[in-house]
Amino acid sequence: MNPPAPSGLRRARLYVGLDSSTQSLTAIVIEVDGADARVVFDESLPFDDTFPQYGTAHGVLPASGGEAFSSPVMWADALDTIMRRIADSGLDLGSIAAISGSAQQHGSVYLNASAATALAHLDPARPLATQVTPMLSRPVAPIWMDSSTGTQCVEIAEAVGGQQALASHTGSRAFERFTGPQIRKFAQTDPAAYAATDRIHLVSSFMASLLAGKHASLDPGDGSGMNLMDLKDRLWWPDAVKATASGLAAKLPAIAEAWTVVGVLSPFWQTRFGLAAAKVIAWSGDNPCSLIGVGLVREGRVAISLGTSDTVFGLMKEPRVDPSGTGHVFGAPTGDYMGLTCFSNGALARERVQDAFGFTWTDFSRALDTTPAGNQGRVLIPWFVPEITPAVTKPAVHRYRLNPDDPAANVRAVVEAQQMAMALHSQWMEVTIDVIHATGGAAANREILQVMADVFGAEVYRSTVSNSAALGAALRAWHADTTAEGSPLPWSDITALAQPGVASPIVPNPKRHGVYRELLPIYEACEAHALGRGPDPSPALERFTRVSG
Ligand code: XUL
């Protein structure tokens, strides 16, 4: 504990972090008193259950043909509700110094010319949702799960000189869920509504605009998920903007750093809930916010999320771009960069193997315990569903020297394949990974994390943070407040709250790490063979088996 602040010095400050994710809106409030910081409020509103009137399933409206939409009016409704919960929580509202947020990336909200005035004159006696409806030039928002813009991706890439050119400027080749291709499709399929659009926000800048009562800027972290922003300049890239849709430049928000104070909580919030004129800090995407929430503010420390999909991400000092075109580079909220690679065969692939043998999680762990590192040269390529990394459109499972009826060997094979794929496809970040923070459902399985530690040769901490994106947003609010007041706290101090606690890490075993160092290039050869791009890896696997015993 620190000594109490001398009288006359300011009281403890509160920082609010919101996370508008696909399925819910979460608020975390941290209290900062001197160098002590702790979470004092943590609440989530799942969209489907709290707002059934919008008809979402897992936060998504019914759609077909690869399209995926959600409702900006529902997000506004949720914001109204969560702000009321904060106001009613008994917290000292006058102590709220700043508020920021995190949002699902890539989703876009289309506002008409009435929005600027309407945002500034919201009526505190009326719900927010009903006042947002007339501001929209498009009632729905396409979100990151949309995969319907393949044609637009090709068109945009061709217009700017190819995928490589697009990736080297914006950090990613054209991806269907990215906002540029989504905007192009909207402009092509509904030109009248596109013409009536005055401002296109991402979910992040839309939510910040609702808080500040004016059009908010967009941060480079979320801006880099659009295929429109030049990563190094942190400005719109004119070639991509031109290639995407006519008249687009005038419809995009300004880009400003993540610690920008975009305004204060507007009179709507002050009158409606008795909130103070707290600083509203630019929002960012959920992945950039998680980077902060997990405490990844130096190179070499990465997070691996073992969820529906598996994701590996970490900070990068330089904007290196993945030459294979599967990884993304985003801006980081620290002003640096972050690399992110996403694998769609995460939990689903693990469950397919588990279900094939009727295994419980305990059986699964035992299978890992009773099989050796390297699996005696038995390899699985686990593309049970279409894969993002490497790009595989038709699901296909490949086995090398692996008997499909051997339960334990298949369990080890799927876990080793996933970890080796992550190690292999994060090499483009050119970062020596020494610490991994494991999050997501499967991070509860110690044996899986041991394979992770052994493959990467890195210490693995199980992350104890329940919503790293919301926490990251609250920490960003704190950082931005100290910056605005002229004495920015270092990120390492800010993220100390997110560091792993006393729990000891899972450490790599040097011998097993040696086995994986040898197996990794052979796994790469298996992947190449499965993609039809390389020779049969069986001789290399035979050799590996003889040497590794
Ligand atoms: C990242 C991505 C997802 C969303 C989820 O590129 O599409 O992680 O941000 O909210």
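Worth a mention:
- Candidates are the residues of region 312-336 that are over 16 Å from the mean Cα position of the chain (by Cα) and of a type in the set (Gly, Ala, Ser); the one that is nearest to the ligand (Cβ to nearest atom) is GLY325.
- Check on THR308, open to solvent by 10 Å² or more (accessible area, probe 1.4 Å), modelled with pLDDT under 95, within 16 Å of the ligand (Cβ to nearest atom) and not in a strand (DSSP E or B): yes
- Here ASP190 meets the list (1) at pLDDT 95 or above; (2) within 13 Å of the ligand (Cβ to nearest atom) almost entirely, failing just condition (2).
Residue-by-condition table, conditions (1) open to solvent by 20 Å² or more (accessible area, probe 1.4 Å); (2) touching a residue at least 60 places away in the same chain (Cβ under 8 Å); (3) over 24 Å from PHE357 (Cβ atoms):
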residue	(1), (2), (3)
VAL397	yes, no, no
PRO404	yes, no, no
VAL411	no, no, no
VAL414	no, yes, no
GLN418	no, yes, no
HIS425	yes, yes, yes
THR432	yes, yes, yes
ILE436	no, yes, yes
ALA443	no, yes, no
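- Residues in region 115-138 that are among the polar types (S, T, N, Q), in contact with a helix residue (DSSP H, G or I) (Cβ under 6 Å, 6 or more places away or on another chain) and without any contact (Cβ under 8 Å) to a residue 40 or more places away in the chain: there are none.
- Flag for GLY486 being at positive phi, at pLDDT 95 or above, of a type in the set (Gly, Ala, Ser) and in contact with a His (Cβ under 7 Å, 6 or more places away or on another chain): no
- Of the residues making up region 220-232, just one is modelled with pLDDT of 95 or more and open to solvent by 10 Å² or more (accessible area, probe 1.4 Å), namely ASP230.
- Residue in region 535-543 that is open to solvent by less than 80 Å² (accessible area, probe 1.4 Å), in contact with a strand residue (DSSP E or B) (Cβ under 8 Å, 6 or more places away or on another chain), closer than 21 Å to ILE448 by Cα and not hydroxyl-bearing (Ser, Thr, Tyr) present: no
- Test: residue in region 211-230 that is assigned to a helix (DSSP H, G or I), hydroxyl-bearing (Ser, Thr, Tyr) and within 16 Å of the ligand (Cβ to nearest atom): no
- Restricting region 82-111 to residues that are within 23 Å of the chain's Cα centre (by Cα) and β-branched (Val, Ile, Thr), the residue that is farthest from LYS251 (Cα to Cα): ILE82
- PRO382 buried (at least 20 other Cβ atoms within 10 Å of the Cβ), under 24 Å from the mean Cα position of the chain (by Cα), touching a residue at least 24 places away in the same chain (Cβ under 8 Å) and not in a helix (DSSP H, G or I): yes
- Number of residues in region 349-391 that are within 12 Å of ALA408 (Cα to Cα) and touching a Pro at 6+ places or on another chain (Cβ under 6 Å): the value is 1.
- Taking every residue in region 242-259 that is in a loop (DSSP other than H, G, I, E, B) and pairing it with any residue that is polar (S, T, N, Q), at least 6 positions away or on another chain, the pairs with Cβ-Cβ distances below 7 Å are PRO253/SER205; PRO253/SER217; ALA254/SER217; ALA256/SER217; ALA258/SER284; TRP259/THR483.
- The numbered conditions (1) surrounded by 14 or more Cβ atoms within 10 Å (Cβ to Cβ); (2) touching a residue at least 40 places away in the same chain (Cβ under 8 Å); (3) hydrophobic (A, V, I, L, M, F, W, C) are all true for ALA503 except (1).
- Inside region 47-99, residues that are of a type outside the set (D, E, K, R) and under 22 Å from TRP269 (Cα atoms) make up a count of 26.
- Qualifying position, being among the charged types (D, E, K, R), touching a Phe, Trp or Tyr at 6+ places or on another chain (Cβ under 8 Å) and in contact (Cβ under 8 Å) with a residue 40 or more places away in the chain, among ASP198, ASP146, ASP190: ASP146
- Residue within region 263-286 that is within 12 Å of the ligand (Cβ to nearest atom) and open to solvent by 10 Å² or more (accessible area, probe 1.4 Å) present: yes
- All positions within region 453-491 that are of a type in the set (Ser, Thr, Tyr), farther than 23 Å from PHE41 by Cα and within 24 Å of the chain's Cα centre (by Cα): TYR461
- One residue stands out in region 311-331 among those that are assigned to a strand (DSSP E or B) and closer than 17 Å to ARG177 by Cβ: the one that is modelled with the lowest pLDDT, namely THR311.
- Of all residues in region 479-492, none that is over 21 Å from VAL294 (Cβ atoms) has its Cβ atom under 6 Å from the Cβ atom of a residue that is part of a helix (DSSP H, G or I) and open to solvent by 40 Å² or more (accessible area, probe 1.4 Å), 6 or more apart or on another chain.
The values are calculated or read from the model by the stated rules, or taken from the named source; none is laboratory data. Keep in mind that what you see is a predicted model, and the values were worked out from it rather than measured. A quick note on method: Cβ atoms are made from the backbone with ideal geometry, for glycine too, and the neighbour counts reach across all protein chains shown. With ligands, DNA and RNA removed, areas are computed over all heavy atoms of the protein, side chains included. Shrake-Rupley method; radii C 1.70, N 1.55, O 1.52, S 1.80 Å.
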